[in-house]
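Worksheet: the structure to be examined is printed underneath.
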Amino acid sequence: MSSGSYVPPPVKRVAIKKRQGGSRPLGIPTVSDRIAQGVVKAYLEPELERHFHPDSYGYRPGKSALEAVGMARQRCWSHDWVLDLDIQAFFDTIPHDLLLRAIRKHTDCTWALLYIQRWLTAPVRLENGALEPRERGTPQGSVISPLLANLFLHYVFDRWMAKHHPMRDWQFDCRIDKRIDDLAKMFNPIIRGWINYYGRYHKSALSRALMHLDLRLARWAMSKYRRLKGHRRRARHWVQDVRRREPALFAHWRLLYRAPAGQ
């Protein structure tokens, strides 16, 4: 595969009936193609996984639909609404140019990029034996498609939502039943995602936004502890004391408050 000589064969398309009626197209690759896609998936997945949103559960190693149900159950205690979305024919309509641009942000491996482009553009063999060119989409049923789909959603949905509709109401004031280390476990994956994405080249540009988190923690402490209620300065000092004792508790503390050289 590293020589670039492997050429993927056409993907067989079959129609799978849906319970609610209608059907969805399923692409069935050959055995050799499944093996080849597995090689590229194993190469790319560790790099891509560390960027994905912690609330993304579909087609991810170590995560399951049951975990998503468990998280939904936990959050139903603090929210009385559910937003249900469905992207019609998502796998069949992914633009190849945008998907390849996203992949190039994470790897410059020539042979991996070459084969992904070949898989995306490989023709479809219809049930009557005819070949149909494919100009967009990635076939459901292939080994590499779920990873590519998650990467595409990472940018066009997760990152878009974070930019235009940020996870702005973390409801700190409603979490007085939690300890501060509980808050760290809940929000550190999101904070790390912000730092890795928005601070990829200039982490210092995030300082103002990240410092605001400490102000929110101080407000949380004022709601949780009676002795801090109504005392903003005292609450800020309380957060500072926690930070000095446990400088690695929150993901952004090491970035904002680095110890002077020699300490």
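The values are calculated or read from the model by the stated rules, or taken from the named source; none is laboratory data. Because the structure is predicted, anything quoted here is derived from the model rather than measured. Cβ placement follows ideal geometry from the backbone for every residue including glycine, while neighbour counts extend to all protein chains displayed. Just so you know, the surface numbers come from the protein's heavy atoms only, side chains and all, with ligands and any DNA or RNA stripped out. Shrake-Rupley method; radii C 1.70, N 1.55, O 1.52, S 1.80 Å.
Odds and ends about this structure:
- Close Cβ contacts (under 7 Å, 6 or more residues apart or on different chains) running from residues in region 231-260 that are under 19 Å from residue 188 (Cβ atoms) to residues that are open to solvent by 60 Å² or more (accessible area, probe 1.4 Å) and of a type in the set (A, V, I, L, M, F, W, C) comprise 256/211.
- Hits in region 86-110 (condition: touching a strand residue (DSSP E or B) at 6+ places or on another chain (Cβ under 8 Å) and either over 20 Å from residue 156 (Cβ atoms) or surrounded by 15 or more Cβ atoms within 10 Å (Cβ to Cβ) (or both)): 92, 94, 96
- Output for region 1-41, where each listed residue is of a type in the set (A, V, I, L, M, F, W, C), open to solvent by less than 70 Å² (accessible area, probe 1.4 Å) and in a helix (DSSP H, G or I): 36, 39, 40
- Residue within region 141-162 that is loosely packed, with under 15 Cβ neighbours inside 10 Å, in a loop (DSSP other than H, G, I, E, B) and not aromatic (Phe, Trp, Tyr) present: no
- Checked against the criterion of being open to solvent by 20 Å² or more (accessible area, probe 1.4 Å), touching a Pro at 6+ places or on another chain (Cβ under 6 Å) and more than 30 Å from residue 241 (Cβ to Cβ), region 111-119 contains one or more residues that satisfy it.
- Options 19, 24, 34; residue that is at pLDDT 90 or above and either small (Gly, Ala, Ser) or more than 27 Å from residue 191 (Cα to Cα) (or both): 34
- Count - residues of region 46-61 that are open to solvent by 30 Å² or more (accessible area, probe 1.4 Å) and either touching a helix residue (DSSP H, G or I) at 6+ places or on another chain (Cβ under 9 Å) or closer than 17 Å to residue 149 by Cβ (or both): 10
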